[in-house]
Amino acid sequence: MSSTTTPPTADADAPDRPLSVLAWRDYDIDACRLPGMDLGELSIGGRPAEEVTRLWELGARRVRLPKAVDLAVAAADPVAAARAVRALCLVRDLTARAVLVEWRLTLADADPDGWRALNHLQPPQDLAGPAAATEALAEWRHRHYLCKCLWRQGPGFVQIRDRRWGDLRRFTVAEPEYQEAIALLEDGVPAHRVDPEILADLRSERLVGEVGELVWWLPYRVRRWIQEAMTV
């Protein structure tokens, strides 16, 4: 790749309010019913990657997002967009830790293939919106595996490996301005804050997601390898 004041609100869905999740210490639903396995409702208010590290250190291996991520609503509502991007980044980083995530997703009706850019994330329990949502969710579940779209930091470069479309697409990013853009995009940011030429490059490779006016980094930085790193 080459270079180139809002008043306070009491709204429970305000973008600066923490998300709430439910968490358990085991993957298995029966084990989660045993005494001491339920971590209860937890508040997620910091950066997603840092919060996922905190959840992992608490022992969380199963996490549920009580509210559905509704991209159909978020596309036209800045507050909902910010909440949706935060939730998607959380799912992304939980997937990177191989934590079991229970979540629900609603896509816009007009984008029947919108789920494909997200198919490296752990599949949702329910997918709504497109006419063929049932078939799309079945395919997502059937073809999902860990490390499907990831990035890793090398000495002076970033490498991205993307298998969301079936084949392996590998990108090596050495330009500092691109690495700065990736860091900026990690938790979601208004599109106007990213260099337009860099953003256009990343959009062309479908490495950024878009919700309303926000853009966010789709690949996750893998935290648990399923096999040798060189194989993936």
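Name every residue in the range 22-44 that is touching a Phe, Trp or Tyr at 6+ places or on another chain (Cβ under 7 Å) and part of a loop (DSSP other than H, G, I, E, B), in order of residue number. I'd like the intermediate steps shown before the answer.
The initial filter retains those residues of the range 22-44 that are touching a Phe, Trp or Tyr at 6+ places or on another chain (Cβ under 7 Å), namely 32, 37-39.
37 - this is the single residue of the range 22-44 that is touching a Phe, Trp or Tyr at 6+ places or on another chain (Cβ under 7 Å) and part of a loop (DSSP other than H, G, I, E, B).
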* Asked: Restricting attention to the range 212-220, does a residue exist that is under 20 Å from residue 87 (Cβ atoms), of a type outside the set (D, E, K, R) and modelled with pLDDT under 95?
  -> yes
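To keep it simple, each residue is scored yes or no on (1) aliphatic (A, V, I, L, M); (2) touching a Leu at 6+ places or on another chain (Cβ under 9 Å); (3) open to solvent by 50 Å² or more (accessible area, probe 1.4 Å); (4) within 17 Å of residue 218 (Cα to Cα).
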{"position": "58", "(1), (2), (3), (4)": "yes, yes, yes, no"}
{"position": "64", "(1), (2), (3), (4)": "no, yes, yes, no"}
{"position": "67", "(1), (2), (3), (4)": "no, yes, yes, no"}
{"position": "71", "(1), (2), (3), (4)": "yes, yes, no, yes"}
{"position": "78", "(1), (2), (3), (4)": "no, yes, yes, no"}
{"position": "83", "(1), (2), (3), (4)": "no, yes, no, yes"}
{"position": "89", "(1), (2), (3), (4)": "no, no, no, yes"}
{"position": "95", "(1), (2), (3), (4)": "no, yes, no, yes"}
* To do: Filter the range 162-176 down to residues that are touching a Lys or Arg at 6+ places or on another chain (Cβ under 7 Å), open to solvent by 20 Å² or more (accessible area, probe 1.4 Å) and either part of a strand (DSSP E or B) or among the β-branched types (Val, Ile, Thr) (or both), then give me how many there are.
  => 1
* Structure fact -> When the range 116-141 is checked residue by residue, the ones that are over 22 Å from residue 221 (Cβ atoms) and part of a helix (DSSP H, G or I) are 133, 134, 135, 136, 137, 138, 139, 141
* Asked: Of everything in the range 119-145 that's crowded, with 18+ Cβ neighbours inside 10 Å and either aliphatic (A, V, I, L, M) or more than 21 Å from residue 109 (Cβ to Cβ) (or both), which residue is nearest to the chain's Cα centre (by Cα)?
  -> 121
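Has the range 45-54 got at least one residue that is among the β-branched types (Val, Ile, Thr) and in a loop (DSSP other than H, G, I, E, B)? Working first, answer last.
Start the filter on the range 45-54 by keeping residues that are among the β-branched types (Val, Ile, Thr), which leaves 52-53.
When the remaining residues are screened for being in a loop (DSSP other than H, G, I, E, B), the result is none.
Within the range 45-54, not a single residue is among the β-branched types (Val, Ile, Thr) and in a loop (DSSP other than H, G, I, E, B).
The values are calculated or read from the model by the stated rules, or taken from the named source; none is laboratory data. Every value quoted in this text rests on a predicted model; they were computed, and no experiment measured them. No Cβ is skipped: glycine too gets one built from the backbone with ideal geometry, and neighbour counts run over all protein chains shown. These area figures cover heavy atoms from the full protein model, side chains too; ligands, DNA and RNA do not enter into them. Shrake-Rupley method; radii C 1.70, N 1.55, O 1.52, S 1.80 Å.
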